[in-house]
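> Below are the structure tokens for one structure; questions will follow.
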Amino acid sequence: MRKHIVAGNWKMNCTFSEADDLINAIMEQLEQKELPRDTQLIVCPPFPYLEMTTDYANDSYFMVGAQNVSDQEKGAYTGEVSAAMLESMEIDYCIVGHSERRAYYGETNATVAAKVNQLLQHGIKPIVCVGEVLEEREAGKQFEVVKKQVEQGLFHLSADQLREVVIAYEPVWAIGTGKTATPDQAQEIHAHIRSLLATKYGKEIANDISILYGGSCKPSNAKELFACPDIDGGLIGGASLKADDFMAIAMAF
Ligand code: PEP
């Protein structure tokens, strides 16, 4: 059965000491509270704090993810970070195709597919983000947009490779805006994604893939969202920067 996952995307936030404080605050909470069964907590800090985070994670109950990876293997790509580097630091997960990367750094579905390949070759689980922008939702195109992102980003994978992937549905109009998709709006897209996976890979595999919701998820709405049958957790931005809120979301199953 698929895992419940709550992943914190810190984005470009925190100085070194703030990052240290935040991880310690999360660890303190983990010492006091037991996570619901089958719930995996993932912390995705900025690159410079990955080493510190993996050091702490060794003594605790969370896994570590990066926020980005290069689509190239190695070489003259100044400023890039490769999947081989992440593997050598024992990073477990990596976010790919976040809407901010698509919007500000020109990431396309083809880039997403190449990054997914890099990660899988190096044993890192991709968290692949998909989701429509406001104009697409207003035009009723959300199903079509998400279908294209899933097909072009993932459908070149074998069934065994797909089993390593986590998908995050993040309606762009809900990210960092305080506007959350209603549980019904989120559930219908999650069910749509699962049915796309079932058509291509079969029902059994589709049922094993964790599909997370992201977009202004917070302690006050997490329970309702996570109660939906096809929502297997959350990718959490703003609320992951407060240990209390992040942990409250993780306890919402
Ligand atoms: C995100 O960036 O992945 C995200 C979901 O952000 P927020 O929770 O702040 O909307």
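The values are calculated or read from the model by the stated rules, or taken from the named source; none is laboratory data. Keep in mind the model is a prediction, meaning the values are calculated, not measured. Note: ideal-geometry Cβ built from the backbone for every residue, glycine included; neighbour counts use all protein chains shown. Just the protein is used for accessible areas: all its heavy atoms, side chains included, with ligands, DNA and RNA removed. Shrake-Rupley method; radii C 1.70, N 1.55, O 1.52, S 1.80 Å.
> Helix-only estimate, please: 222 nm mean residue ellipticity of the chain, summing -39500 (n - 2.57) across DSSP H runs of length 4 or more and dividing by its residues, to the nearest 500.
My calculation for the chain gives -13000 deg cm²/dmol from helical runs alone.
> So, one more: Bins of 5 Å, beginning at zero and ending with the bin holding the largest distance: percent of Cα pairs per bin for the range 4-250, please.
Calculated over all Cα pairs of the range 4-250, the distribution is 1, 6, 15, 19, 21, 18, 12, 6, 2, 0 percent.
> Here's a follow-up. Would you mind calculating the gained length between GLU51 and SER17 on full extension (0.36 nm times residue separation, minus the Cα-Cα distance), in nm to one decimal?
On the way: separation 34, 0.36 × 34 = 12.24 nm, distance 1.37 nm.
Here the segment from GLU51 to SER17 would lengthen by 10.9 nm.
> Obtain the nm distance between the two label points defined at TYR77 and THR108 by a simple spin-label model: each point lies 7 Å from its Cα along the Cα-to-C-beta direction.
1.6 nm
> Of TYR201, TYR169, TYR104, which is the most mobile in a GNM of the chain whose springs link Cα atoms less than 10 angstrom apart?
Looking only at TYR201, TYR169, TYR104, the biggest GNM fluctuation is shown by TYR104.
> Over the chain, average the accessible area per residue using a 1.4 Å probe and give it in Å², no decimals.
With the other protein chains kept in place, the chain gives 45 Å² per residue.
> Mean-square fluctuation check for the chain, GNM, Cα pairs under 10 Å: which of HIS156, HIS190, HIS122 is largest?
HIS156
> Another question, then. Could you give me D for the range 173-217, from Stokes-Einstein at 4 °C and 1.567 mPa s, where the hydrodynamic radius is the Kirkwood radius over C-alpha pairs? Units µm² s⁻¹, please.
114 µm²/s
> Compute, for the chain, the length of the dipole vector about the Cα centre, with Cβ point charges of +1 (Lys, Arg) and -1 (Asp, Glu) only. Units Debye, rounded to 20.
Working: 22 positive and 36 negative charges, 144 e Å.
For the chain, the charge dipole is close to 700 debye.
> For HIS98, HIS192, give the ranking by accessible area with the largest first, probe 1.4 Å.
Ranked from most to least accessible, the order is HIS192, HIS98.
> Counting Lys and Arg as +1 and Asp and Glu as -1, what is the net charge of the other residues whose Cβ lies under 11 Å from the Cβ of SER99?
Counting the neighbours of SER99, the net charge comes to -2.
> Further, regarding this structure: Once you place label points 7 Å from the Cα toward the Cβ at GLU164 and GLU34, how far apart are they in nm?
3.3 nm
> Which order do the peptides 89-96, 193-200 come out in when sorted by mean C-beta neighbours inside 10 angstrom, highest first?
Put in order of decreasing packing, that is 89-96, 193-200.
> If you don't mind, another one. Given the range 21-78, what whole percent of its Cα pairs are spread farther than 12 Å?
The calculated P(r) of the range 21-78 puts 71 percent of pairs beyond 12 Å.
> Using a 1.4 Å probe on the protein heavy atoms, what percent of the accessible area of the chain belongs to carbon and sulfur? All intermediate terms of the calculation are to be shown ahead of the outcome.
On the way: 5660 of 11510 Å².
Carbon and sulfur: 49 percent of the exposed surface of the chain.
> Given 37 °C and 0.692 mPa s, compute D for the range 14-157 with the Stokes-Einstein relation, Rh being the Kirkwood radius over Cα pairs; round to the nearest whole µm²/s.
197 µm²/s
> Under 10 Å, Cα contacts only: if you run a Gaussian network model on the chain, which one of PHE155, PHE47, PHE16 comes out with the highest mean-square fluctuation?
PHE16
> Continuing with this model, one more query. Among LYS11/LYS223; LYS115/LYS218; LYS11/LYS218; LYS74/LYS148, which pairs are too far apart, with a Cα-Cα distance over 26 Å?
Numbers: LYS11/LYS223 24 Å; LYS115/LYS218 29 Å; LYS11/LYS218 16 Å; LYS74/LYS148 29 Å.
Cα-Cα > 26 Å for LYS115/LYS218; LYS74/LYS148; rest within.
> Please name which of HIS156, ALA114, ILE127 has its Cα lying farthest along the dipole of the range 4-250 towards the positive end, using unit charges on Cβ (Lys, Arg +1; Asp, Glu -1) and the Cα centre as origin.
HIS156
> Note the direction-averaged projected area, equal to a quarter of the hull surface, for the Cα convex hull of the range 72-183, in nm².
The directionally averaged projection comes out at 8.1 nm².
> Next up: Heavy atoms of the protein only, probe of 1.4 Å, neighbouring chains included. What is the accessible area of LYS11 in Å², nearest 10?
Roll a 1.4 Å probe over it and LYS11 shows about 50 Å².
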